[in-house]
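Structure first, commentary second.
The values are calculated or read from the model by the stated rules, or taken from the named source; none is laboratory data. This one's a predicted model, so the numbers in the text were calculated from it and none came from an experiment. Don't worry about glycine lacking a Cβ; one is built from the backbone with ideal geometry, like all the others, and counts go over all protein chains shown. Just the protein is used for accessible areas: all its heavy atoms, side chains included, with ligands, DNA and RNA removed. Shrake-Rupley method; radii C 1.70, N 1.55, O 1.52, S 1.80 Å.
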Amino acid sequence: MTRNIARTTFVIASVAGIWAAMAVSAIAQSFPGAGTVMTYNVNEGTDFQQVVGTSTLPEFLIGVGQILTQVQATNPPERMQAVARQILDARPELLSIQEVDQWYTGTFDPTAGKCGTMTLQYDMLQELLNDLAVQGGHYEVAAQVTQYAFPPTPGLIPPTDYICVSVNDYNVILTRTDLPSWIFKWSNPQTGQFVNEVVLPTPVGPVPLPRSWASVDAEFFGHPFLFINTHLESFDANIRELQGDELRAGPANTSLPLIIAMDSNAQAFPQPQDPTYVDFIAAGYHDVWSKLFPKRAGLTCCQDEADNNPVSQLYQRIDLVLTHGRVRPWGAVLIGNNPQSRLPDGLWPSDHAALAAGVVVGSN
């Protein structure tokens, strides 16, 4: 008898729980699918221009040394603390971040031509996650994809400091973990690399520079949509345009409402607009910033790669939130674009400004 009562109680409780969940879900869908997304290129500390165009091995070695010296001077741990504060100013449910790198260093024996043991010097993603947690944020990695991974590569810091450097560059989607699922949830992480890529000739051989994308399915108040993060090619406009074609034909080819939060490297402002940007608009995508603020520049790029310029050098808008289908923007703000964003030692948190956008999914 006791067992039957317990079993009956369990069944009643289970049915009540199911009905409660269904009721919450139904109520949630009666709300607008409102939420906040954000894109932020947090700057790996270099654009590798120090080795682009080098024609001799000594030039290349010195260029690698200059890259490491510059990255160290940008102080990634300090900047990630500032980036965390900026993210928490907006508290987006979904965050696209680009250029979150792992930097490894070691010694190089020029006689043997071999690198020694490599040691992790900077892990920008882990530093950012730690800083978010310390500052009261609740975020997790939903999707992470390698953009490029350079193996241990010799360099020289004159006059005689031979080194080895390796770097892994990632695009990452972060999601909030402190919201009930009827307000926000995500699933189905997907990642991939573009077929079209730049290959740089160097004195140590050709160096491919692949680009990548990551996506998740998500819901704001029960309203489903697809969210994509990507970082398109910067060196070659033709390759960038082909990558845009790949994105629209592949991961962005969906019947769901769509949000792409990205560093497009495609100039939306000022004129002339980059062909890649024009292609997206011609394909029916909407630019959140220009839709809300058609007469405002909205500059997002770029400070000096060293992040230490005393006066802002932002001159173009390339960090975008694009939408397709039933998504309507209700607000947008640039973060990190004014002098007050600089750190006490004069560094900018990144060479880019971040863009946070409020959207309503399921609304025309």
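Remarks
- A cut-off of 5 Å between modelled amide H atoms, ignoring neighbours fewer than 5 places along the same chain, links Ile163 with Phe108, Gly155, Leu156, Ile157.
- Efficiency of FRET between Val207 and Asn238 - r from beta-carbon atoms, R0 25 angstrom, step 0.05: 0.85
- Summing +1 for each Lys or Arg and -1 for each Asp or Glu among the other residues whose beta-carbon sits under 14 angstrom from that of Pro154 gives -2.
- Amide H partners (placed H, <5 Å) of Trp330, local residues excluded: Gly358, Val359, Val360
- In summary, the chain shows an alpha-carbon radius of gyration equal to 1.11 times the 2.2 N^0.38 Å reference for compact globular proteins.
- Taking 7 Å steps out from each Cα toward its Cβ at Asp217 and Thr117 produces label points 4.6 nm apart.
- Accessible surface, per residue, of the range 184-300 when the full set of protein chains is kept, probe 1.4 Å, Å²: 42 Å²
- Percent accessible area from carbon and sulfur atoms, the range 254-340, protein chains only, probe 1.4 Å: 56 percent
- Of the trypsin sites (Lys or Arg not before Pro) found in the range 261-364, those in coil by DSSP whose Cβ has at most 12 other Cβ atoms within 10 Å are Lys295.
- The range 250-364 shape via C-alpha gyration tensor axes, a/c threshold 1.5: prolate
- In range of the label at Asp47: residues from the range 159-197 whose backbone nitrogen is under 19 Å from the point 7 Å along Cα→Cβ: 169-170
- Per-residue 3J(HN,Hα) values for the range 263-270, derived from phi via the Karplus relation 6.51 cos²θ - 1.76 cosθ + 1.60 with θ = phi - 60°, read 8, 7, 6, 10, 5, 8, 8, x Hz in sequence order (x marks Gly and Pro).
- In this label model, His138 and Ala283 are separated by 3.6 nm, measuring between points 7 Å along each Cα→Cβ vector.
- Cysteines (scope the chain) whose Cβ has no counterpart Cys Cβ under 4.7 Å: none
- Translational D in µm²/s for the range 203-268 (Stokes-Einstein at 20 °C, 1.002 mPa s, Kirkwood Rh from C-alpha pairs): 161 µm²/s
- Taking the C-alpha atoms of the range 52-130, convex hull volume expressed per residue in Å³: 115 Å³
- Beta bridges from DSSP with both residues in the chain: antiparallel share about 90 percent, rounded to the nearest 5.
- Vicinal HN-Hα couplings computed from phi for the range 160-169 (Karplus, 6.51 cos²θ - 1.76 cosθ + 1.60; Hz; Gly/Pro x): 9, 8, 7, 9, 10, 9, 9, 8, 10, 10
- Segment Leu179..Asn338, full-extension length gain: 54.2 nm, with 0.36 nm per residue of separation and the alpha-carbon distance subtracted.
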